[in-house]
Amino acid sequence: MLIVQKYGGTSVANVERIKAVAERVVKTAKEGHKVAVVVSAMAGETDKLINLAHQVSSAPREREMDLMLSSGERVTCALTAIAIEELGHKAMAFTGRQMGIITDDVHTKAKIEKIAGERAKKALDEGYIIVVAGFQGITEKEDVTTLGRGGSDLSAVAIASALNADLCEIYTDVDGVYTTDPNIVPEARKLDKISYEEMLELASLGAKVLQTRSVEFAMKYEVPVVVRSSFNDNPGTLVTKEDKDMEKVIVSGVAYDKNQAKITVMGVPDKPGIAARLFKGIADAGIVVDIIVQNVSSDGKAADISFTVPKTDAKKALKMTETIAKELGAKGVDIREDIAKISIVGVGMRTHSGVASQMFETLAKHGVNILMISTSEIKVSCIIDAKYTELAVRVLHDAFGLAQG
Ligand code: ADP
Ligand code: ASP
Ligand code: MG
């Protein structure tokens, strides 16, 4: 088999961990498999680099940011290859560029366009274990790009697809995908398997165990992904196509996201074209709006429009909104950053009713006020006060019977 193994930040956090990774990789190779390894930067390294840049400038140039950020993964990929050689196995390290990972030029969140990888393929055929620096690529113009936070997951899935690998293993610091973040709810249960769609919802709703775009990619190209721990040999979670068994479970998981801000435009004249003007301005600024709620006052003359954006874009969105609000003759603009999005996810919701109301009742019973609601076929999300995040996750996890049996 050809196996891609991706090791996240905590799995390569120091020299001891890198040596342990090298041992696992060599063991896999000795079982007769070809192995392509993808590594993240050491835990905390990417944050440290971002922080450095912000000490120099409040708005560092993204092209230069990417060049700097790519260095964290370069270090671990070279070190891992050295550690593998030390164990007596042939290994060769590749940067994103050397792997031929071509992306678009949207710095700090580039999209992979193609992976050439001829040299790496040759090395694999010659019996080398290849070790690729995750999170990075290169544009046609040869500028270094990065793939968004958590982007090494995407590197791994895309490389697995390009190499036509039999399996893509994502090694992390938990045993697999759980019914909710096991670091918040110790009773959370590990799932043996989960559908691509559910995993995609969980990831995009805040479960950072897999990067959202990596799941999108895996689903599109049907890459079999297993999430496992690099700290033990426990079986992990298979992310795969939906099957009949999965529909029996109504709610598979609970996710939370504290990286949200809510902006409200108050007293906007209620007439056609207002929402279009507001959201076009925000979209043009490259900001993705998530939940939108509009209330018209009882006399029908004015409306309040509330929407959520990622906290990282909040300042930019607020400025933009204030300008447009003035132009539209609105009464004012308000922002709240102390909010969180709590979501329940499950393909079983397609065929069961009453799931949303059970969620609302559970939150109400525990005194958690709902600020906004959004639903789709397989998820329900509520915006709540951030201070109730952990409580809400725990009581919903309990209410939907997700705890260990
Ligand atoms: P890595 O550095 O290996 O990429 P991450 O920190 O990005 O690891 O992702 C692993 C973390 O994801 C876990 O430590 C856990 O806190 C968090 N997490 C959130 N939701 C879930 C979930 N449903 N199942 C498992 N882990 C989850
Ligand atoms: N090092 C990058 C990050 O911290 C990419 C990754 O870990 O996947 O976001
Ligand atoms: Mg990650």
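Only the coordinates and a few stated rules stand behind these numbers; no lab work does. Just so it is clear, the structure is predicted and the values come from calculations on it, not from any experiment. Note: ideal-geometry Cβ built from the backbone for every residue, glycine included; neighbour counts use all protein chains shown.
Key figures
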quantity: Restricting the stretch 47-77 to trypsin sites (Lys or Arg not before Pro) in coil, as DSSP defines it, with at most 13 other Cβ within 10 Å; calculated: Arg61
quantity: Of all DSSP beta bridges in the stretch 1-120, antiparallel share, percent nearest 5; calculated: 35
quantity: Globularity index of the stretch 194-306, i.e. its alpha-carbon radius of gyration over 2.2 N^0.38 Å; calculated: 1.51
quantity: Net lengthening on full extension, Lys19/Lys90 (0.36 nm per residue, minus Cα-Cα); calculated: 24.1 nm
quantity: For the stretch 315-405, the Rg and Dmax computed from alpha carbons only, in angstrom; calculated: 16.7, 57
quantity: Lys, Arg +1 and Asp, Glu -1 on Cβ, resulting dipole of the stretch 98-237 about Cα centre, debye, nearest 20; calculated: 140
quantity: DSSP beta bridge pairing in the chain, given as percent antiparallel to the nearest 5; calculated: 65
quantity: Mean shadow area of the chain over all directions, Cα convex hull, nm²; calculated: 21.6
quantity: Estimated [θ] at 222 nm from DSSP helical runs (n ≥ 4, -39500 (n - 2.57)) normalised by residues in the chain, nearest 500; calculated: -11000 deg cm²/dmol
quantity: Order of Val25, Val293 - criterion: other Cβ atoms within 10 Å of each residue's Cβ, fewest first; calculated: Val293, Val25
quantity: Cβ charges +1 (Lys, Arg) and -1 (Asp, Glu), total dipole of the chain, debye; calculated: 420
quantity: Charge dipole of the chain about the Cα centre (unit charges at C-beta), most positive-ward option of Ala165, Ala330, Thr103; calculated: Ala330
quantity: The stretch 162-284, relative contact order [Cα under 8 Å, separation at least 6], %; calculated: 30
quantity: Listed residue (Asn183, Gly137, Thr80) projecting farthest to the positive dipole end of the stretch 79-232, Cβ model; calculated: Gly137
quantity: Relative contact order %, the chain, counting alpha carbon pairs below 8 Å whose residues are six or more apart; calculated: 13
quantity: Sequence of Tyr221, Tyr128, Tyr196, Tyr7 once ranked by neighbouring C-beta atoms within 10 Å, starting from the fewest; calculated: Tyr221, Tyr196, Tyr128, Tyr7
quantity: Relative exposure of Thr375, Thr28, Thr145, judged by other C-beta atoms within 10 Å (fewest first); calculated: Thr375, Thr28, Thr145
quantity: Kirkwood-based Rg to Rh ratio, the stretch 72-197, C-alpha trace; calculated: 1.02
quantity: Listed residues Ile384, Leu318, Gln5: farthest to the positive end of the dipole of the chain (Cβ charges); calculated: Leu318
quantity: Additional length obtainable on full extension of the chain from Glu187 to Leu391, 0.36 nm per residue less Cα span; calculated: 72.1 nm
quantity: The stretch 216-350: relative contact order in percent, alpha carbon pairs under 8 Å with at least 6 residues between; calculated: 35
quantity: Estimated Rh, the stretch 244-395: Kirkwood, alpha-carbon pairs, angstrom; calculated: 16.7
quantity: For the stretch 96-137, radius of gyration divided by Kirkwood radius, i.e. Rg to Rh on alpha-carbons; calculated: 1.04
quantity: Point-charge dipole on Cβ atoms (K/R +1, D/E -1) for the stretch 240-285, about Cα centre, debye to 20; calculated: 260
quantity: The stretch 3-157, Rg to Rh (Cα coordinates; Rh as Kirkwood inverse mean 1/r); calculated: 0.98
quantity: Spin-label pair His366/Asn259, simplified geometry with 7 Å Cα→Cβ offset, distance in nm; calculated: 2.4
quantity: Cα centroid separation, the stretch 312-382 to the stretch 86-106 (Å); calculated: 41
quantity: Beta bridge orientation in the stretch 71-179: antiparallel %, DSSP, nearest 5; calculated: 55
